[in-house]
C-alpha cells in the first residue's frame, strides 16, 4: 500500500456503479449483431462525413452498440467531438 501512496494518491477502488457500467458495456457488445470490423468501418465513415461537412474531429470517437430486447434491434450511440473548420485559419491569416 505504501507504494500506491508514493505519489500522494491512493488507488481508488471501483464502485458498484462503475462495475455495473463496465459489465453493461461488455454485455451490450456481446449481444450486438454488429461485429467490431463493421463498427470500425462505421467510425471511419462518420469521421469522413464530419470532414465533408466542414468539421474537424478533435477528440476520441466512441460508438457504443446497445441491444434492445423488446424489439430485437441494436441502437448505435456515437459521441464525436467536433469543431467547425476554418475559424482558426481565418483568425491566423487576419493576424488576430
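Taking 0.36 nm per residue of separation and subtracting the current Cα-Cα distance, fully stretching the chain between residue 67 and residue 34 would add 10.8 nm. Using the beta-carbon distance between residue 46 and residue 15 and R0 = 30 Å, what value does 1/(1 + (r/R0)^6) give for FRET efficiency, to the nearest 0.05? E(calc), rounded to 0.05, equals 0.40.
Every number here is computed from the coordinates shown, using simple stated rules; none is lab data. Note that the structure is predicted; figures quoted are calculated from it, not measured. Every residue, glycine among them, receives a Cβ derived from its backbone with ideal geometry; neighbour counts consider all protein chains shown.
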